[in-house]
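Notes follow the structure.
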Amino acid sequence: MRYLHTMLRTSDLGRTQAFLEALGYELVRELPHVRGGVQEATNYFFRLPGDTSDVEVSVPVEAAAFEGVWGHVALGVVDIDATLERLAALGIHPDASPYRVREGGPRLCLLTEPGAGHLFELVETG
């Protein structure tokens, strides 16, 4: 497993982007987040020069879908099925079956930490 990014939500991309850029982050890519053929958000990935991990800023398509500013911590795993099998043996199960946010993209799923409800995203990195 390796750390990939932390996702935050915002309803004001301009304000959040200005803050991150003031800290030295640069916008490196944007990606629509599509589930079941429906775009739920657009995700913007910011990175500090010379670093390899990102801050993902998610902007929901519908304002009503905005739920707090905290999103998740993303971890890359080589084989998502094997990882989920290992976690299931420990009583940890994904919130839903793995899915892709775009055709040809990596499979991913969310896990909710039972104590405080923190979200962790597993992304299959191959």
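The values are calculated or read from the model by the stated rules, or taken from the named source; none is laboratory data. On a predicted model such as this, the values are computed, not experimentally measured, just so you know. Backbone-built Cβ (ideal geometry, glycine too); neighbour counts: all protein chains shown. Accessible surface is based on the protein model in full, side chains and every heavy atom, while ligands, DNA and RNA are left aside. Shrake-Rupley method; radii C 1.70, N 1.55, O 1.52, S 1.80 Å.
Residues in region 47-64: is at least one open to solvent by 60 Å² or more (accessible area, probe 1.4 Å) and within 17 Å of Val123 (Cβ to Cβ)? There is at least one residue in region 47-64 that is open to solvent by 60 Å² or more (accessible area, probe 1.4 Å) and within 17 Å of Val123 (Cβ to Cβ).
Within region 44-64, being without any contact (Cβ under 8 Å) to a residue 24 or more places away in the chain, farther than 17 Å from Leu20 by Cβ and not aliphatic (A, V, I, L, M) holds for one residue alone: Glu62. Only one of the numbered conditions (1) over 17 Å from the mean Cα position of the chain (by Cα); (2) open to solvent by 80 Å² or more (accessible area, probe 1.4 Å) is not met by Leu87, and that is (2). Here Arg15 clears all of (1) open to solvent by 60 Å² or more (accessible area, probe 1.4 Å); (2) closer than 24 Å to Gly104 by Cα; (3) charged (D, E, K, R) except the condition numbered (2). If you check Arg29, Arg35, Arg107 for being charged (D, E, K, R), in contact (Cβ under 8 Å) with a residue 12 or more places away in the chain and within 17 Å of Thr6 (Cβ to Cβ), only one passes: Arg29. Out of Gly36, Gly104, which single residue is at pLDDT 90 or above, surrounded by fewer than 11 Cβ atoms within 10 Å (Cβ to Cβ) and more than 17 Å from Glu121 (Cα to Cα)? Among Gly36, Gly104, only Gly104 is at pLDDT 90 or above, surrounded by fewer than 11 Cβ atoms within 10 Å (Cβ to Cβ) and more than 17 Å from Glu121 (Cα to Cα). Remark: pairs (first residue in region 65-85, small (Gly, Ala, Ser); second residue at pLDDT 75 or above and not in a strand (DSSP E or B); Cβ separation under 6 Å; 6+ apart in sequence or on different chains) = Gly76/Thr125.
The number of residues in region 1-27 that are in contact with a helix residue (DSSP H, G or I) (Cβ under 8 Å, 6 or more places away or on another chain) and either at pLDDT 90 or above or hydrophobic (A, V, I, L, M, F, W, C) (or both) comes to 3.
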